[in-house]
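Structure first, commentary second.
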Amino acid sequence: MEQNHQAPAATMKDVAEKAGVSTATVSRALMNPEKVSAATRQKVEQAVIAVGYAPHGLTRNARRGETQTILVVVPDICDPFFSEIIRGVEVTAAHEGYLVLIGDCAHQNQQEKTFLDLLLTRQIDGMVLLGSQIPFDPANDEQRNLPPMVMANEFAPEMSLPTVHIDNLTAAFEAVNHLLQLGHRQIACIGGPEEMPLCQYRTQGYIQALRRSNIAVDPTYIVRGDFSFEAGAQALKQLMALPQPPRALFCHSDMLALGAMNQAKRLGLRVPQDLSIVGFDDIELARYCEPPLTTVTQPRYQIGREAMLLLLDELQGKRVNNGSRLLDAELTVRGSTAAREEAREITALFGYFQ
């Protein structure tokens with residue numbers, strides 16, 4: 001006699017039968033994947049997808065197909081900039097009973113399959129992206145049924161995702177304008193990766209500020225790297241080897257600025273007397289370095305909180321517009337910038353830097 005009810009949810013036993021292994025092996029493959037061989041793990045993963053097994057099936061919202069889990073995709077978990085954004089997401093998520101998983105994109109090729117498995121096996125309800133890169137192809141037919149996604153920090157309008165971010169161009173303009181008001185004219189820019197939208201906006205802000213003051217943009221004054229301490233140090237070495245080194249720096253991140261500051265001291269330069277430095281982000285280290293760093297303060301906790309609130313709206317069935325939610329940033333002036341000393345010439349030291 002035919003029953004007219006919904007098929008029961010897939011169980012671990014169904015996965016075991018499909019994969020041809022024991023339920024204990026399935027459990028190990030899902031909970032402690034390093035304890036099983038790659039071949040066994042692959043069989044189990046394929047079986048999970050084939051039978052539609054959801055390991056979080058016993059959560060309180062299983063009947064509605066919810067896991068109460070969201071994934072935060074971070075460009076680089078080692079970058080201290082993201083800590084406060086993640087905290088904003090986590091505190092807001094926990095208040096609504098959601099667990100937060102962190103996915104690091106720094107080694108994207110290795111992580112891509114892991115992220116995809118979470119999506120296909122419906123182990124997460126939604127995602128917060130802290131960068132503009134998605135570690136899978138949303139255009140792929142197999143990946144059409146993606147959970148709701150929100151972007152935080154970055155702004156990539158072509159992706160048509162709800163977004164929380166600051167006005168990077170205006171913030172960069174104001175940071176460079178601060179140096180101009182101090183009398184600086186030889187201002188260099190240490191930028192992040194050129195392909196990142198936020199770096200493009202920050203570079204545009206730098207260029208617009210110089211042009212507004214009728215200062216020609218010198219291409220040799222724009223040096224790019226990643227957002228690391230080491231990249232900042234290397235960029236300063238390159239800039240100080242120029243025939244006419246800069247007297248001030250605008251950096252796309254505090255880590256770049258701190259690397260440049262450290263290298264400046266190694267070269268015998270005083271900050272800010274010989275070289276003024278402005279950073280971007282206001283990570284915690286910025287106020288504790290010597291001298292404390294002048295920087296653009298981003299509302300990092302608020303960015304995370306607002307992004308999670310947007311995602312909660314989507315998860316609760318509310319229609320979220322694909323536009324952006326713009327938060328305010330402000331320049332925090334500390335000890336790493338000072339007025340240019342007209343009387344002091346460092347031309348005699350140029351040979352030392354080269």
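The values are calculated or read from the model by the stated rules, or taken from the named source; none is laboratory data. Because the structure is a prediction, the values reported are computed rather than measured. Please note: Cβ atoms are built from the backbone with ideal geometry, for glycine as well, and neighbour counts cover all protein chains shown. Note: accessible area is taken over every heavy atom of the protein model, side chains too, but ligands, DNA and RNA are not part of it. Shrake-Rupley method; radii C 1.70, N 1.55, O 1.52, S 1.80 Å.
Remarks
- Taking the listed residues Arg344, Arg340, the one that is open to solvent by 60 Å² or more (accessible area, probe 1.4 Å), modelled with pLDDT under 90 and farther than 24 Å from Ser83 by Cβ is Arg344, with no other qualifying.
- Among the residues of the range 119-159, those identified as among the hydrophobic types (A, V, I, L, M, F, W, C), at pLDDT 75 or above and within 16 Å of the chain's Cα centre (by Cα) are Met127, Val128, Leu129, Leu130, Met149, Val150, Met151, Ala152, Phe155.
- Just one of (1) at negative phi; (2) in a loop (DSSP other than H, G, I, E, B); (3) of a type outside the set (A, V, I, L, M, F, W, C); (4) at pLDDT 85 or above fails for Gly97. It is (1).
- Test: Arg300 is modelled with pLDDT of 95 or more and open to solvent by 40 Å² or more (accessible area, probe 1.4 Å): no
- Identity of the residue in the range 270-296, assigned to a loop (DSSP other than H, G, I, E, B) and open to solvent by less than 10 Å² (accessible area, probe 1.4 Å), that ends up farthest from Leu256 (Cα to Cα): Asp274
- Search result, residues across the range 68-88 that are charged (D, E, K, R) and not in a loop (DSSP other than H, G, I, E, B): Glu84, Arg87
- Any hit, the range 249-257, residues being farther than 23 Å from Leu169 by Cβ, in contact with a helix residue (DSSP H, G or I) (Cβ under 9 Å, 6 or more places away or on another chain) and either assigned to a helix (DSSP H, G or I) or at pLDDT below 95 (or both): no
- Of all residues making up the range 75-94, the number that are modelled with pLDDT under 90 and of a type in the set (Val, Ile, Thr): 1
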